[in-house]
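Engineer: One structure, as structure tokens, below. Some questions next.
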Amino acid sequence: MPTYVDELIQEANALSGVMDKYSTQLADAGFGEPERNEYKLAVADLLAKDSAQKNSIEIVRQKTTVQNDAMTEALELFRTVQIAARAAYGENDKTMLKEFHVGKEKINTVKVMTTELAYMKGVAIKHQSDLAKNGFSANDITSFDTLSQNLVIADTEQENAKKAQASATAVRDKSWDNLQKLVKKVRNIAKVKFRKDEDILNEFSSITVKRNSAKVETPATPQATEQKK
């Protein structure tokens with residue numbers, strides 16, 4: 001969980017036990033069993049929403065891996081055509097090498113790769129006989145369509161997964177906000193109900209604040225410098 005989710009779940013669970021301990025007094029203050037049940041459901045809801053959000057992150061990771069693999073395969077085919085062109089026309093035929101986009105900047109986006117595959121397929125068909133004599137067969141040419149389709153599908157699925165992750169994060173954060181408001185509400189009720197009992201009121205206070213305060217070291221008292229006589 002993100003730190004803010006971690007801390008709120010910890011705070012809410014600790015507060016839940018205190019609420020049960022003083023359930024009678026809280027009921028008298030208007031926070032009875034229905035309200036406590038709503039509170040506990042809010043805790044469960046945040047845990048569920050956080051789990052779903054984590055799952056969405058994992059799906060994005062998996063889809064990104066598939067997309068990267070599709071890009072790698074497409075780039076390998078693209079470079080293979082260029083190697084065959086070098087073999088067929090030699091390094092000095094700049095016109096032919098340019099037609100095969102030899103020396104073109106690195107292709108690092110799906111949209112560029114998609115258009116380059118379509119272009120290179122046309123060039124490969126145009127010079128099919130020369131390429132075939134240098135290891136690039138008709139079956140290799142048909143690979144352009146397959147790899148292009150795989151790339152488009154992988155990219156679409158990855159983009160959809162990213163949108164789903166953004167949605168899951170928004171839903172999780174809305175659940176967090178709801179529980180945060182309930183935690184504050186309980187503590188405010190306690191401040192009113194137990195205002196004359198500091199010990200009980202302290203049980204409703206934040207454990208996160210206490211923990212962080214305990215970590216703060218008290219600075220050492222500087223020793224006075226002894227004056228030389």
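Engineer: Note the angle between two axes, namely the Cα long axis of helix 110-126 and the longest principal axis of the Cα atoms of the chain, as a number of degrees from 0 to 90, rounded to the nearest 10.
Structural biologist: Tilt relative to the chain: about 10 degrees.
Engineer: Give me the distance in nm between label points sitting 7 Å out from Cα along the Cα-to-Cβ direction at GLU73 and GLU99, one decimal.
Structural biologist: It is 2.9 nm.
Engineer: What angle, in degrees between 0 and 90 and rounded to the nearest 10, separates the Cα long axis of helix 33-89 from the longest principal axis of the Cα atoms of the chain?
Structural biologist: With rounding to tens, the tilt is 20 degrees.
Engineer: R0 = 41 Å: FRET efficiency of ASN139 with ASP6, Cβ-based, nearest 0.05?
Structural biologist: Values: r = 54 Å, r/R0 = 1.32.
After rounding to 0.05, the efficiency reads 0.15.
Engineer: To one decimal place, what orientation-averaged projected area in nm² is obtained for the convex hull of the Cα set of region 54-136? Each step should come with its number before you reach the end.
Structural biologist: Values: hull surface 23.6 nm².
For the Cα atoms of region 54-136, the hull's average projected area reads 5.9 nm².
Engineer: Can you tell me the orientation of helix 3-21 relative to the chain, as the angle in degrees between its alpha-carbon axis and the longest Cα principal axis, to the nearest 10?
Structural biologist: On a 0 to 90 degree scale, this one is about 30.
Engineer: If the only charges are +1 at each Lys and Arg Cβ and -1 at each Asp and Glu Cβ, what is the size of the charge dipole of the chain around the Cα centre, to the nearest 20 debye? Provide the component values of the computation, followed by the final result.
Structural biologist: Numbers: 34 positive and 33 negative charges, 150 e Å.
Result for the chain is approximately 720 debye, rounded to the nearest 20.
Engineer: Under the classification rounded if a/c is under 1.5, otherwise prolate if a/b is larger than b/c and oblate if not, where does region 89-130 fall, given a ≥ b ≥ c as square roots of the Cα gyration tensor eigenvalues?
Structural biologist: Working: a/c = 3.61, a/b = 1.42, b/c = 2.54.
Oblate, since a/c reaches 1.5 and b/c is not below a/b.
Engineer: Along the positive direction of the dipole of region 88-213 (beta-carbon charges: Lys, Arg +1; Asp, Glu -1; about the Cα centre), which of VAL123, GLN180, VAL112 reaches farthest?
Structural biologist: Looking along the dipole axis, the top candidate is GLN180.
Engineer: Another question about this same structure. Round to a whole angstrom and tell me the spacing of the C-alpha centers of region 130-165 and region 26-40.
Structural biologist: So the two Cα centres are separated by 59 Å.
Engineer: Right, next: Using the Cα centre of region 37-147 as the reference point, and only Cβ charges (+1 on K/R, -1 on D/E), how large is the resulting charge dipole? Debye, rounded to the nearest 20.
Structural biologist: Details: 15 positive and 15 negative charges, 38 e Å.
That gives a dipole near 180 debye.
Engineer: In whole Å, what is the distance between the alpha-carbon centres of region 173-191 and region 67-116?
Structural biologist: Between the Cα centres of region 173-191 and region 67-116 lies a distance of 58 Å.
Engineer: Take the chain, mark every one of the GluC sites (Glu not before Pro) that falls in a DSSP loop and has at most 11 other Cβ within 10 Å, then report the longest stretch left between them, sites excluded. Please list the in-between numbers first.
Structural biologist: Numbers: sites that count: GLU91, GLU105, GLU217, GLU226.
Result for the longest clean stretch: 106-216.
Engineer: Then there's this: For the pairs LYS21/LYS184; LYS21/LYS193; LYS21/LYS185; LYS49/LYS193, flag any whose C-alpha to C-alpha distance is greater than 24 Å.
Structural biologist: Working: LYS21/LYS184 18 Å; LYS21/LYS193 14 Å; LYS21/LYS185 17 Å; LYS49/LYS193 32 Å.
As for pairs spanning more than 24 Å Cα to Cα, those are LYS49/LYS193.
Engineer: I'm spelling it out carefully: the read-out is P(r) over Cα pairs in 5 Å bins from 0, in percent, the candidates are (1) 1, 7, 14, 18, 17, 14, 10, 7, 6, 4, 2, 0, 0; (2) 1, 6, 10, 10, 9, 7, 6, 5, 5, 5, 5, 6, 5, 5, 5, 4, 3, 2, 1, 0, 0; (3) 1, 6, 13, 17, 19, 18, 13, 8, 4, 1, 0, and one was derived from this structure. Which label?
Structural biologist: (2)
Engineer: While we're on this one: Need the list of lysines near LYS104 for cross-linking: C-alpha distance under 29 angstrom, and skip anything on the same chain fewer than eight residues off.
Structural biologist: LYS63, LYS94, LYS121, LYS126, LYS133
Engineer: When only Cα pairs under 8 Å and 6 or more residues apart are kept, what is the percent relative contact order across the chain?
Structural biologist: 33 percent
Engineer: Multiplying the sequence separation of GLN149 and SER51 by 0.36 nm and subtracting their Cα-Cα distance, what value in nm do you get? Walk me through the intermediate numbers first.
Structural biologist: Numbers: separation 98, 0.36 × 98 = 35.28 nm, distance 3.28 nm.
Result: 32.0 nm gained on full extension.
Engineer: Which aspartates and glutamates have a Cα lying under 16 Å from the Cα of LYS54, excluding residues fewer than 8 positions away in the same chain?
Structural biologist: Filter leaves ASP6, ASP45, ASP173.
Every number in this text was worked out from the coordinates using simple rules, so none of it is lab data. Here the structure is a predicted model, which is why all the values come from computation and not from measurement. Glycine gets a Cβ as well: all are built from the backbone with ideal geometry, and neighbour counts include every protein chain shown.
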